[in-house]
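This report refers to the structure that appears directly beneath it.
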Amino acid sequence: MLSGNDMMLVASSNNLKSKLRSTEKHAFNVDAFLDSAGVARKVVGYRKSEKIYSQGDPAKGVMYIRKGGVRLSVVNEVGKEAVVAILGPGDFFGEGCLAGQPDCMATATAIVPTSILFIEKKEMMRVLHEEHAFSDRFISYMLGRNIRTEQDLIDQLFNSSEKRLARALLLLARYGKEGQPQKILPNVSQRMLAEMIGTTRSRVNFFMNKFRKLGFIHYNGGLQVHNSLLSVVLHD
């Protein structure tokens, strides 16, 4: 019989899978929409490891990832860094400016060559008020991000580092899509994974080797994750 925590994890996983499939089925092409709506924006390219903005910089607008990947990290008063999110194509970030946030709360860094669509705050506010299709899409995305944040907190509080790593890998691999294992964003290092789940690199290395031996992940021109890794998350 499943424990209360396992039941919550099953529901969370099912909700995540359902949401991802729904997004696939009702795909919304942000670039095409912004073109048709005549939205003022600019596309900026970033090299691998190049900073998009730094913690404490003025928050000027909202960014949308067209291709590539972005790491969001924070540094505390004594210089300790923590990775708070890894984002990929189709993700928004920098939306805090819309709620009156004057400064960037994290540092955004491209982890691979990345193309970002930048929309200034004033223009983004106009589009959200006037373009209902885009507004609905954006609100849906932000609600999903809020749910993800709550799930991350629950994950940190109640789950082992092995389960936290398995969940992080599944999310990075866009778990829930049909077909073959999904390729993770390149260059997501073990150190970065350790910072994301709050453990050491040596522990991540131990569990990654375990997952590989069990056939949950494999390396073939990049790290690939099988949906069977979900068994680690659901296992008591």
| task | Would you be able to say whether some residue in segment 125-141 is within 14 Å of the chain's Cα centre (by Cα), closer than 14 Å to Ile65 by Cβ and not in a helix (DSSP H, G or I)? | result | no
| remark: Of the residues in segment 144-181, those that are modelled with pLDDT of 80 or more and aromatic (Phe, Trp, Tyr) come to Phe158
| request: Could you grab the pairs with beta carbons closer than 9 Å, sequence gap of 6+ or different chains, first residue in segment 147-170 and in contact (Cβ under 8 Å) with a residue 60 or more places away in the chain, second one of a type in the set (Phe, Trp, Tyr) and not in a helix (DSSP H, G or I)? | output: Ala166/Phe216; Arg167/Tyr175; Leu169/Tyr175; Leu169/Phe216
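Check segment 45-56 and report whether any residue there is within 20 Å of Leu193 (Cα to Cα) and without any contact (Cβ under 8 Å) to a residue 60 or more places away in the chain.
Of all residues in segment 45-56, those within 20 Å of Leu193 (Cα to Cα) come to 48-51.
With without any contact (Cβ under 8 Å) to a residue 60 or more places away in the chain added as a condition, the list becomes 51.
Yes, segment 45-56 contains at least one residue that is within 20 Å of Leu193 (Cα to Cα) and without any contact (Cβ under 8 Å) to a residue 60 or more places away in the chain.
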| query | Is there a residue being touching a helix residue (DSSP H, G or I) at 6+ places or on another chain (Cβ under 7 Å), at pLDDT below 90 and among the β-branched types (Val, Ile, Thr) anywhere in segment 79-88? | reply | yes
| Total residues in segment 42-100, condition among the hydroxyl-bearing types (Ser, Thr, Tyr) and over 22 Å from Asp31 (Cβ atoms) | 3
| query | Among the listed residues Val74, Val10, which satisfies the condition of being modelled with pLDDT under 50, of a type in the set (Val, Ile, Thr), under 25 Å from Asn159 (Cβ atoms) and surrounded by 12 or more Cβ atoms within 10 Å (Cβ to Cβ)? | reply | Val10
| Given (1) open to solvent by 10 Å² or more (accessible area, probe 1.4 Å); (2) over 27 Å from Glu195 (Cα atoms); (3) part of a helix (DSSP H, G or I); (4) of a type outside the set (S, T, N, Q), index of the condition Arg148 fails | (2)
| field | segment 54-71, residues that are touching a helix residue (DSSP H, G or I) at 6+ places or on another chain (Cβ under 9 Å), surrounded by 14 or more Cβ atoms within 10 Å (Cβ to Cβ) and part of a strand (DSSP E or B) | value | Gly61, Val62, Met63, Tyr64, Arg66, Arg71
| query | Can you name every residue in segment 89-123 that is part of a helix (DSSP H, G or I) and either without any contact (Cβ under 8 Å) to a residue 40 or more places away in the chain or in contact with a Cys (Cβ under 8 Å, 6 or more places away or on another chain) (or both)? | reply | Gly96, Cys97, Leu98, Ala99, Lys121, Lys122
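From the list Ile86, Ile111, Ile116, exactly one residue is under 22 Å from Gln151 (Cα atoms), under 18 Å from the mean Cα position of the chain (by Cα) and among the aliphatic types (A, V, I, L, M). Which is it? Before you say what the answer is, go through the steps one by one.
On the way: Ile111 fails: under 22 Å from Gln151 (Cα atoms); Ile116 fails: under 22 Å from Gln151 (Cα atoms).
On inspection, the qualifying residue turns out to be Ile86.
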| The one condition in (1) modelled with pLDDT of 85 or more; (2) part of a helix (DSSP H, G or I); (3) of a type outside the set (Asp, Glu); (4) touching a Ser or Thr at 6+ places or on another chain (Cβ under 9 Å) that Gly215 fails to fulfil | (2)
| said: Could you tell me how many of the residues in segment 160-178 are open to solvent by 20 Å² or more (accessible area, probe 1.4 Å) and not in a helix (DSSP H, G or I)? | reply: 4
| request: Please find, within segment 201-236, the residue that is farthest from Val74 (Cα to Cα) out of those that are among the polar types (S, T, N, Q) and under 21 Å from the mean Cα position of the chain (by Cα). | output: Ser228
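The values are calculated or read from the model by the stated rules, or taken from the named source; none is laboratory data. The shown structure was predicted, so the numbers you read here are calculated from the model rather than taken from an experiment. We place every Cβ from the backbone using ideal geometry, glycine too, and count neighbours over all the protein chains shown. Heavy atoms of the whole protein, side chains included, go into the accessibility calculation; ligands, DNA and RNA do not. Shrake-Rupley method; radii C 1.70, N 1.55, O 1.52, S 1.80 Å.
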